[in-house]
1. Can you name the residue in the stretch 24-36 that is touching a helix residue (DSSP H, G or I) at 6+ places or on another chain (Cβ under 9 Å) and over 13 Å from LYS58 (Cβ atoms) and is also least open to solvent (accessible area, probe 1.4 Å) among such residues?
2. So which pairs qualify, if the first residue must be in the stretch 275-301 and over 19 Å from THR137 (Cα atoms), the second must be assigned to a loop (DSSP other than H, G, I, E, B), the Cβ gap must be under 8 Å, and the two must be at least 6 apart or on different chains?
3. Could you tell me whether any residue of the stretch 208-215 is open to solvent by 30 Å² or more (accessible area, probe 1.4 Å) and under 14 Å from LEU125 (Cα atoms)?
4. Output the residue which, of all residues in the stretch 134-147 that are open to solvent by 10 Å² or more (accessible area, probe 1.4 Å) and more than 8 Å from the chain's Cα centre (by Cα), is farthest from THR159 (Cα to Cα).
5. Is there a residue being part of a strand (DSSP E or B), farther than 28 Å from ALA108 by Cα, without any contact (Cβ under 8 Å) to a residue 40 or more places away in the chain and open to solvent by 20 Å² or more (accessible area, probe 1.4 Å) anywhere in the stretch 232-248?
6. Which residues, taken from the stretch 79-108, are modelled with pLDDT of 80 or more and either under 15 Å from the mean Cα position of the chain (by Cα) or loosely packed, with under 11 Cβ neighbours inside 10 Å (or both)?
7. Restricting attention to the stretch 22-33, which residues are in contact with a Lys or Arg (Cβ under 9 Å, 6 or more places away or on another chain) and either part of a loop (DSSP other than H, G, I, E, B) or touching a residue at least 12 places away in the same chain (Cβ under 8 Å) (or both)?
8. Which one is surrounded by the most Cβ atoms within 10 Å (Cβ to Cβ), of the residues in the stretch 109-132 that are part of a loop (DSSP other than H, G, I, E, B) and more than 16 Å from the chain's Cα centre (by Cα)?
Amino acid sequence: MGEKVIPIEGVDPKELYGAANTNINYISGKFPGLKIVARGSKIKAIGEERLIDRFEQKLTRLTDYFSRYGHISTQVIDQIVDSGTAEVETAVDNNVIVFGNNGLIVRARTVNQQKLVDLYNKNDLLFATGPAGSGKTYTSIALAVRALREKEVRKIILTRPAVEAGEKLGFLPGDMKEKLDPYLQPLYDALNDMIPPRKLAQFMEDGTVQIAPLAYMRGRTLDNAFVILDEAQNTTMPQIKMFLTRMGKNAKFIVTGDVTQIDLPRKRDSGLLPTISFLENIKGIGIVKMDNRDIIRHPLVKYIVEAFDKYEDKFKEETNK
């Protein structure tokens with residue numbers, strides 16, 4: 001009889017073990033000759049040494065799978081534990097971008113979202129424009145999380161221009177970070193859907209994931225990074241130029257924006273559409289223009305957006321008379 005304590009590294013043990021330890025109990029059932037005890041980030045295996053060695057090998061492969069895809073299931077456990085081959089064929093849905101928390105599956109849900117995914121595979125710089133709720137930011141962050149898991153990049157950087165959208169930041173309580181965090185909250189929300197909380201906190205602490213106002217990008221060279229500029233309709237031409245020229249080696253950049261929601265004092269100062277117009281024919285740059293058909297929030301959102309569009313078109317016609 002032997003005994004070995006195996007540390008769980010690189011993943012959140014609670015996520016790996018599953019709700020009410022369903023995953024670890026299912027794994028244990030695959031090894032009836034062993035007594036397996038999971039406590040925190042360590043698993044103790046007691047039994048014959050040859051069985052312990054096999055258990056450790058399979059557990060390592062399961063942990064690697066979970067680290068890469070962010071989920072595990074009984075089908076995956078069956079495939080990895082029961083497989084006698086060195087390589088495991090991962091039965092991952094080709095349409096899935098990333099597996100999130102609590103069983104969440106993030107996939108392209110519209111034609112233009114799928115186009116964004118396809119263009120990502122062929123280009124290092126992407127522009128995605130579209131109305132609120134069309135999934136341009138969420139899909140982009142899913143691609144970033146996948147790239148980090150698959151070690152295509154070393155860090156994710158999410159940024160927004162700190163434009164006072166109808167409110168005065170100076171009157172908000174707290175220091176600059178506390179003033180800006182609510183404005184950056186949609187980015188935190190998306191990450192919280194896709195990365196386990198403890199892991200995300202660790203990433204934020206060590207700089208693997210960074211969320212900051214656009215002004216903080218000045219002077220940096222962003223190598224080995226997946227960088228997303230959100231709300232880019234609120235950037236001026238000099239700002240968007242500054243951002244794009246931060247692009248370093250092995251970097252992926254996505255710029256997202258909704259040109260119907262410009263919060264700059266003068267809407268004509270937005271640099272997003274002019275930038276797209278003179279970069280669109282450059283090889284290595286992809287452009288996706290989403291529309292109301294891509295809206296995937298509450299069904300009413302689509303009709304609200306359409307109603308506002310009609311109102312604005314009518315207002316323009318009347319003012320031009």
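The values are calculated or read from the model by the stated rules, or taken from the named source; none is laboratory data. Quick caveat, the model's predicted, so the values are computed rather than measured. Neighbour counts run over all protein chains shown; Cβ positions are idealised from the backbone, glycine included. To get the accessible areas, we keep the full protein, side chains included, count just its heavy atoms, and leave off ligands, DNA and RNA. Shrake-Rupley method; radii C 1.70, N 1.55, O 1.52, S 1.80 Å.
1. Across the stretch 24-36, the extreme among qualifying residues is GLY33.
2. Partner pairs satisfying both residue conditions: GLY284/ASN123; GLY284/ASP124.
3. No; the residues of the stretch 208-215 include none that is open to solvent by 30 Å² or more (accessible area, probe 1.4 Å) and under 14 Å from LEU125 (Cα atoms).
4. It comes out as GLY135.
5. Going residue by residue through the stretch 232-248, those that are part of a strand (DSSP E or B) are 236, 247.
Cutting the leftovers down to farther than 28 Å from ALA108 by Cα gives us 236.
Subsequent filtering for residues that are without any contact (Cβ under 8 Å) to a residue 40 or more places away in the chain retains 236.
Right, trim to open to solvent by 20 Å² or more (accessible area, probe 1.4 Å) and you get 236.
Yes, because at least one residue in the stretch 232-248 is part of a strand (DSSP E or B), farther than 28 Å from ALA108 by Cα, without any contact (Cβ under 8 Å) to a residue 40 or more places away in the chain and open to solvent by 20 Å² or more (accessible area, probe 1.4 Å).
6. Start the filter on the stretch 79-108 by keeping residues that are modelled with pLDDT of 80 or more, which leaves 80-82, 96-101, 104-108.
Of everything in the stretch 79-108, those that are modelled with pLDDT of 80 or more and either under 15 Å from the mean Cα position of the chain (by Cα) or loosely packed, with under 11 Cβ neighbours inside 10 Å (or both) turn out to be ASP82, VAL96, ILE97, VAL98, PHE99, GLY100, ASN101, LEU104, ILE105, VAL106, ARG107, ALA108.
7. If we filter the stretch 22-33 for residues that are in contact with a Lys or Arg (Cβ under 9 Å, 6 or more places away or on another chain), which is where we start, we get 27-28, 30-31.
Result: ILE27, LYS30, PHE31.
8. The first filter runs over the stretch 109-132 and keeps only residues part of a loop (DSSP other than H, G, I, E, B), leaving 109-110, 121-124, 130-132.
With the extra rule that they be more than 16 Å from the chain's Cα centre (by Cα), the set shrinks to 110, 122-124, 130-132.
Details: THR110: 18, LYS122: 10, ASN123: 18, ASP124: 14, GLY130: 26, PRO131: 23, ALA132: 15.
Going through the qualifying residues, I end up with GLY130.
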